[in-house]
Amino acid sequence: MTKVLLITGGGRGIGAAIARKAATDGYRVAINYRDDRDRAEALVAEIEKAGGRAISIAADVSSEDEVKRLFARTVAALCPLTHVVNNAGITGRSSRLDEATAETIATTIAVNLTGAVLVAREAVRHLSPRHGGKGGAIVNISSAAATLGSPGEYVWYAASKGGIDSLTIGLARELAEEKIRVNAVTPGMVETEIHDRSTGDPARVERIRPLIPMKRVGTPDEVADAVLYLLSDGASYITGANLHVSGGR
């Protein structure tokens, strides 16, 4: 069977690590990005140079029309879809809630939660036997913030990721008889650009490090390994699970 994986927010950080490992494991990979075309295209070139198959597709996952187009382009270029990773996410600038703008809150929830629900809905329309599909697997990327709450940093982001946890449980049970497994991976503190690019708090990593039981920050590759496991046939009896990759935090 040809394995075709769509990764939202796949051009950098955890998404890019998933794309590289998936391509090595024989998946054809569709790398979604919103703004950084050069980064996504460089990743495609890297994968293809190594003998893999990949494409990059620009789309804003908070837009229903763009999500539909994203899936249609993936299928047209790579064959029918078999796997989806719901990874696109932003935090907005770090602050207390009473200092956050309505735009920051709304945009974060639109991308992280509404976008994830739209992507999951479109995935079901492609994977479910009800719609002519053959089943498959969805992995949603949550965050340790969902249970920690991120006080003083971005509680709105934590709330959006709490929604991802609920989405995972509900959708897994809804689709259990349709050969579609739905699981989540919850990263803790991972060394990515999001701390500089999105939060505006580059010192956050070192500030949080002492609070991690393992006393170190994770890597995107460690998260990607967990995602690839849940996508694989080795996880064939796992659905509705949430695998924490957080160093014990």
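Mind checking whether some residue in the stretch 93-109 is among the hydrophobic types (A, V, I, L, M, F, W, C) and closer than 15 Å to LEU5 by Cβ?
For the stretch 93-109, residues among the hydrophobic types (A, V, I, L, M, F, W, C) and closer than 15 Å to LEU5 by Cβ: absent.
Could you grab me the full set of residues in the stretch 5-46 that are polar (S, T, N, Q) and within 14 Å of the chain's Cα centre (by Cα)?
THR8, ASN32, listed by residue number.
Return a yes/no flag: does the stretch 209-217 have any residue that is of a type outside the set (Lys, Arg) and either closer than 15 Å to VAL139 by Cα or in contact with a strand residue (DSSP E or B) (Cβ under 8 Å, 6 or more places away or on another chain) (or both).
yes
Across the stretch 104-117, which residue is surrounded by the most Cβ atoms within 10 Å (Cβ to Cβ) among those that are among the aliphatic types (A, V, I, L, M) and under 13 Å from the mean Cα position of the chain (by Cα)?
Ranking the qualifying residues of the stretch 104-117, first place goes to ALA116.
For (1) among the hydrophobic types (A, V, I, L, M, F, W, C); (2) in contact with a Cys (Cβ under 7 Å, 6 or more places away or on another chain); (3) in contact (Cβ under 8 Å) with a residue 40 or more places away in the chain; (4) within 27 Å of LEU6 (Cβ to Cβ), each residue gets a yes or a no:
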site	(1), (2), (3), (4)
GLY149	no, no, no, no
GLU153	no, no, yes, no
ALA158	yes, no, no, yes
ILE164	yes, no, yes, yes
GLU178	no, no, yes, yes
THR192	no, no, yes, yes
SER236	no, no, yes, yes
ALA241	yes, no, yes, yes
VAL245	yes, no, yes, yes
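Hey, among TYR157, TYR229, which residue is surrounded by 14 or more Cβ atoms within 10 Å (Cβ to Cβ) and closer than 20 Å to THR108 by Cα?
Selected residue: TYR157, the only one of TYR157, TYR229 that is surrounded by 14 or more Cβ atoms within 10 Å (Cβ to Cβ) and closer than 20 Å to THR108 by Cα.
What is the number of the single condition among (1) buried (at least 21 other Cβ atoms within 10 Å of the Cβ); (2) under 22 Å from LEU70 (Cβ atoms) that GLY135 does not meet?
Exception for GLY135: condition (1).
Can you confirm whether LEU81 is aliphatic (A, V, I, L, M) and either farther than 20 Å from GLU122 by Cα or surrounded by fewer than 22 Cβ atoms within 10 Å (Cβ to Cβ) (or both)?
Considered against the rule, which asks whether it is aliphatic (A, V, I, L, M) and either farther than 20 Å from GLU122 by Cα or surrounded by fewer than 22 Cβ atoms within 10 Å (Cβ to Cβ) (or both), LEU81 comes out as no.
Check off (1) out of contact with any helix residue (DSSP H, G or I) (no Cβ under 8 Å at 6 or more places or on another chain); (2) in contact (Cβ under 8 Å) with a residue 24 or more places away in the chain for HIS83 and give me the number that stays unchecked.
Failing condition for HIS83: (1).
Any read-out appearing in this document is the output of simple, stated calculations on the displayed coordinates, not a laboratory observation. Keep in mind it's a predicted model, so treat the numbers as computed, not measured. All Cβ positions, glycine included, derive from the backbone under ideal geometry; neighbour counts span all protein chains shown.
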